[in-house]
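The values are calculated or read from the model by the stated rules, or taken from the named source; none is laboratory data. What you see is a predicted model; the values in this text were computed from it and never measured. Neighbour counts are summed over all protein chains in view; Cβ atoms, including those assigned to glycine, are modelled from backbone coordinates with ideal geometry.
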């Protein structure tokens, strides 16, 4: 079980977006979230910025919290924006996959790191997106997941 | 039925690569067959032959990714290890999304490839064993009478004999007899085992 905390704000999970990404079903309101996992880094900030047009993007302050959100059933997708400090991404991926078999999980990786991309795919990533050149592919994947 | 021996199929348009891989596999005691093109391999491929595939991505004519697509269309489950000298992330992701076992970039160390091959062969053995198991269950299911099948479906839903009797409009004693036949034909030692069998063949 992953225990290490991501470096981030020490208070509540951060919510980005205007919060109106809601799905009304049978009189109840269901909020579908885009979960971003990653330490406090330039890369994570870029991912959050790229996803600013989506509603209910959250950046949990710990890996445990990210996993809890991923397993809640309200998650539209999980984006692993950057490395997770002491915890290997593959392990985190596997846990998230075990929690939610059908959850789309996108991993951002450095260009040309084919071995890392293959490993991420083997451990449950839905797709691996290399950055740079742009976040367009990520936004397209998240849009699909939100539908 | 006894399994055919496992083999590694190498598909690469480069003569030198084919020869060196054949030698490497031979040195590790692994039998292999080499092919210069995807078409050559597909023309003789027999899904009953256990093994794994070492497949070059870029080949003239049909590429490795196209050949993987063709194998998927044929329902082949052979583990595929892609090898390429010009791999990129979108290519690797596509291959993995379509079920590749692994994706290795050239140059790779001999030990790396052998490790992947051993794991792919182990995966193939597991898959074939699982399929044989589910085939046996399906054969047993096919041997049940329609009434026995109804009883099986209801008892594996957790219904007691009395409830099954009520649902089917027969006596409890009749259900008991059908249930005994089901257990015998399915070769199940317990209700839990019967449930596991049904889960194994569930769509």
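Quick one: residue A:69 ticks every box in (1) within 19 Å of residue A:51 (Cβ to Cβ); (2) not in a helix (DSSP H, G or I) bar one, so which box is it?
(2)
Within segment A:97-114, does at least one residue satisfy the condition of being within 14 Å of chain B (Cβ to nearest Cβ), without any contact (Cβ under 8 Å) to a residue 12 or more places away in the chain and surrounded by 17 or more Cβ atoms within 10 Å (Cβ to Cβ)?
Checking segment A:97-114: at least one residue is within 14 Å of chain B (Cβ to nearest Cβ), without any contact (Cβ under 8 Å) to a residue 12 or more places away in the chain and surrounded by 17 or more Cβ atoms within 10 Å (Cβ to Cβ).
Would you point out which residue out of B:116, B:140 is within 16 Å of residue A:119 (Cβ to Cβ), assigned to a helix (DSSP H, G or I) and within 21 Å of the chain's Cα centre (by Cα)?
On inspection, the qualifying residue turns out to be B:116.
Name the single residue that is nearest to the chain's Cα centre (by Cα) among those in segment A:49-64 being part of a loop (DSSP other than H, G, I, E, B) and within 10 Å of residue A:37 (Cβ to Cβ).
A:60
Only one of A:97, A:101 is modelled with pLDDT of 90 or more and out of contact with any helix residue (DSSP H, G or I) (no Cβ under 8 Å at 6 or more places or on another chain). Can you tell me which?
A:97
Determine, yes or no, whether residue A:140 is within 14 Å of chain B (Cβ to nearest Cβ), closer than 16 Å to residue A:35 by Cβ and either buried (at least 20 other Cβ atoms within 10 Å of the Cβ) or at pLDDT 90 or above (or both).
In short, no.
Of the conditions (1) within 14 Å of chain A (Cβ to nearest Cβ); (2) under 21 Å from residue B:13 (Cα atoms), residue B:64 clears all except one; give me its number.
(1)
Taking residue A:120 as the residue in question, decide whether it is within 11 Å of another protein chain (Cβ to nearest Cβ), touching a helix residue (DSSP H, G or I) at 6+ places or on another chain (Cβ under 7 Å), farther than 17 Å from residue A:41 by Cβ and surrounded by 14 or more Cβ atoms within 10 Å (Cβ to Cβ).
yes
From the list A:66, A:37, pick out the single residue that is modelled with pLDDT of 90 or more, buried (at least 18 other Cβ atoms within 10 Å of the Cβ) and away from every other protein chain (no Cβ under 14 Å).
Testing whether each residue is modelled with pLDDT of 90 or more, buried (at least 18 other Cβ atoms within 10 Å of the Cβ) and away from every other protein chain (no Cβ under 14 Å) leaves just A:37.
Keeping to segment B:67-107, report how many residues are within 10 Å of chain A (Cβ to nearest Cβ) and either touching a strand residue (DSSP E or B) at 6+ places or on another chain (Cβ under 6 Å) or farther than 19 Å from residue B:122 by Cα (or both). First the steps, then the outcome.
First, the residues of segment B:67-107 that are within 10 Å of chain A (Cβ to nearest Cβ): B:82, B:84, B:87-97, B:100-105.
When the remaining residues are screened for being either touching a strand residue (DSSP E or B) at 6+ places or on another chain (Cβ under 6 Å) or farther than 19 Å from residue B:122 by Cα (or both), the result is B:82, B:84, B:87-95, B:97, B:100-105.
The number of residues fulfilling the criteria is 18.
Out of curiosity, is residue B:129 surrounded by fewer than 19 Cβ atoms within 10 Å (Cβ to Cβ), at pLDDT below 95 and in a helix (DSSP H, G or I)?
Yes, satisfied.
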